[in-house]
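Trainee: The structure that follows is given in the form of structure tokens.
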Amino acid sequence: MSESYFDRIRSVYTKLNNIFFKYENEVLGALMATLSRENYLLVGPPGTAKTTLVYAISKLLNARWFYRQLTKFTDLEEILGPINIAKLLDGKVERIYANSIVESEFALLDEIFNASSAILNTLLSILNERVVYDGEKVVPVKTWTVFGASNRIPDEEELQALYDRFPLRVFTEWVSPDDTEPLIIKGWELRMDLERMEPPLATMDDVQAVNKIITQYVYEHIKDISKIISPIIANYVEHIPISNRTRVKVPMYVATYLMLHGIDIGRVELSPSLLRVGTIKVLRYLVNNKDQLSEYNSFATVHMPEDLLRLSELLSEAKALINNEVYDEARQRIRDAKELLEQIRNRWDAVMARLYADEVNEIEELLKRLEDALTENRR
């Protein structure tokens with residue numbers, strides 16, 4: 001049965017990647033958060049499809065979602081629901097939670113760091129415990145994943161606790177001017193896809209089933225998993241700090257990442273090599289700010305498979321030789337690189353190919369540019 005759960009969730013992942021333009025990191029982080037029952041923060045300027053992404057996930061999973069743009073003037077009633085006037089006339093203070101965050105399965109809180117202190121205090125218990133302290137009552141919250149959106153990272157001390165409750169983060173940007181034409185085309189296709197998106201590809205029952213399977217697997221194998229991934233995390237936090245709370249959750253993130261890339265957790269053993277690759281990939285989503293992404297990229301490059309490192313070195317050498325007009329040696333480096341790339345394709349299994357698809361695509365693009373440069377110089 002677990003295979004069908006996994007397949008349906010992966011169909012959601014595939015669909016989202018197909019309908020959004022250059023949004024792979026945002027999509028992957030959102031689904032990792034969903035499967036981990038984690039909170040997820042999208043940081044970026046307005047107009048980068050943050051709201052649309054959460055709406056699309058909700059439609060594909062047939063999930064109830066809640067949206068509010070927060071300001072200093074947003075009051076608790078807009079988040080938790082209004083006071084029940086009929087009950088109030090009888091001397092009882094009760095809220096109507098229907099259509100509030102309490103009854104939603106996904107919540108998107110836009111400009112979350114602009115909220116008032118009263119709402120921020122309420123959000124802390126929702127984010128951490130999935131409950132609301134409403135007067136003398138402790139109200140369970142049905143929200144499975146809370147998505148935060150912001151155009152800034154908070155530097156106020158009083159907001160740091162809230163920021164840390166969003167351990168998975170992505171920093172999104174407007175696409176480059178050169179990508180304007182494909183962006184417009186893809187944007188219109190997305191608009192039509194959202195209107196026609198029936199029926200859903202999976203359900204929240206699938207999400208909960210996958211979450212339960214992965215949680216149980218991680219719990220049963222935590223000592224073996226920790227032995228493999230802890231040295232990588234320890235090395236990473238020397239450069240980019242990660243809180244204790246977040247470090248404990250990394251095994252769950254790694255397992256969800258690998259599941260989305262085709263590994264049926266519980267049916268396929270998570271080998272040391274898979275765990276290492278998954279850990280390195282997941283660490284991208286645990287940076288504290290956009291500036292740390294360059295440090296992450298350096299870290300990830302150093303930890304790439306040796307074949308890919310050698311391939312990158314060959315192309316770097318070829319580029320330098322072309323710049324210095326040493327064309328014959330540059331051609332030899334490119335021939336060596338193409339031969340090594342073919343060996344990688346033949347040697348790697350389907351899972352490794354998927355896990356390093358982005359890096360291989362970048363290498364192929366660079367290889368083509370270098371070949372074009374040699375052709376130009378030959379003329």
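The values are calculated or read from the model by the stated rules, or taken from the named source; none is laboratory data. All values derive from a computational prediction rather than experimental measurement. With ideal geometry, Cβ positions are generated from the backbone for all residues, glycine too; neighbour counts draw on all protein chains shown. Heavy atoms of the whole protein, side chains included, go into the accessibility calculation; ligands, DNA and RNA do not. Shrake-Rupley method; radii C 1.70, N 1.55, O 1.52, S 1.80 Å.
Trainee: Put one equal scatterer on each alpha carbon of the range 331-379, apply the Debye formula with no solvent term, and list log10 I(q)/I(0) at q = 0.20, 0.21, 0.26 1/Å to two decimals.
Mentor: So the normalised log intensities work out to -0.71, -0.76, -0.99.
Trainee: Hey, what's the chain come to in accessible area per residue, 1.4 Å probe, Å²? Could you put the intermediate results ahead of the total?
Mentor: Working: 19280 Å² over 379 residues.
Ligands and nucleic acids excluded, the figure is 51 Å² per residue.
Trainee: Using each residue's phi in the range 361-370, evaluate 6.51 cos²θ - 1.76 cosθ + 1.60 at θ = phi - 60° and report the 3J(HN,Hα) Karplus result to the nearest Hz, with x for Gly and Pro.
Mentor: So the J values, rounded to whole Hz, are 4, 5, 5, 5, 5, 5, 4, 5, 4, 5.
Trainee: Over 19 Å apart: what share of the alpha carbon pairs of the range 266-379 falls there, rounded to a whole percent?
Mentor: On the way: 3488 of 6441 pairs.
That fraction is 54 percent.
Trainee: Along each of the three principal axes of the Cα atoms of the range 293-347, give the extent in whole Å, ordering the values from largest to smallest.
Mentor: 34, 29, 12
Trainee: Using a 1.4 Å probe on the protein chains only, how many percent of the accessible area of the chain belongs to carbon and sulfur? Walk me through the numbers before you get to the answer.
Mentor: Values: 9700 of 19280 Å².
Carbon-and-sulfur percentage of accessible area, whole number: 50.
Trainee: Just the C-alpha atoms of the range 170-248: what Rg/Rh do they give, with Rh taken as the Kirkwood radius? Mind showing how you got there, number by number?
Mentor: On the way: Rg = 20.4 Å, Rh = 17.5 Å.
Value, to two decimals: 1.17.
Trainee: Along the Cα→Cβ direction, 7 angstrom out, place labels at ASN25 and ALA353. What is the inter-label distance in nm?
Mentor: It works out to 2.6 nm between the two label points.
Trainee: What is the P(r) of the range 29-135, as percent of Cα-Cα pairs per 5 Å bin from 0?
Mentor: 2, 11, 20, 23, 20, 13, 6, 3, 2, 0
Trainee: Taking every Cα atom in the range 73-182, find the radius of gyration and the maximum pairwise distance Dmax, and write them in Å.
Mentor: Cα radius of gyration and Dmax of the range 73-182 are 17.1, 64 Å respectively.
Trainee: Where the convex hull is taken over the Cα atoms of the chain, what is its projected area averaged over directions, in nm²?
Mentor: Over all viewing directions, the chain projects a mean Cα-hull area of 22.7 nm².
Trainee: Tell me, in nm to one decimal, what length is gained between ASN99 and ASN62 on full extension, where the rule is 0.36 nm per residue of separation less the Cα-Cα distance?
Mentor: Values: separation 37, 0.36 × 37 = 13.32 nm, distance 1.55 nm.
Fully extending the segment from ASN99 to ASN62 adds 11.8 nm.
Trainee: Based on the alpha carbon coordinates of the range 167-304, what radius of gyration and maximum Cα-Cα distance (Dmax) apply, in Å?
Mentor: 18.0, 50
Trainee: Hey, if we sort ARG245, ARG347 by accessible area with the 1.4 Å probe, largest down, what's the order? Please list the in-between numbers first.
Mentor: Working: ARG245 85, ARG347 135 Å².
Per-residue accessible area, sorted high to low, gives ARG347, ARG245.
Trainee: Each residue of the range 291-296 in turn: what ³J(HN,Hα) in whole Hz from Karplus with 6.51, -1.76, 1.60 and θ = phi - 60°, glycine and Pro shown as x?
Mentor: Going residue by residue, I get 4, 6, 4, 5, 5, 4 Hz, with x marking Gly and Pro.
Trainee: For the range 127-194, what mean projected area does the convex hull of the alpha carbons give, in nm²?
Mentor: Projected area, direction-averaged: 7.8 nm².
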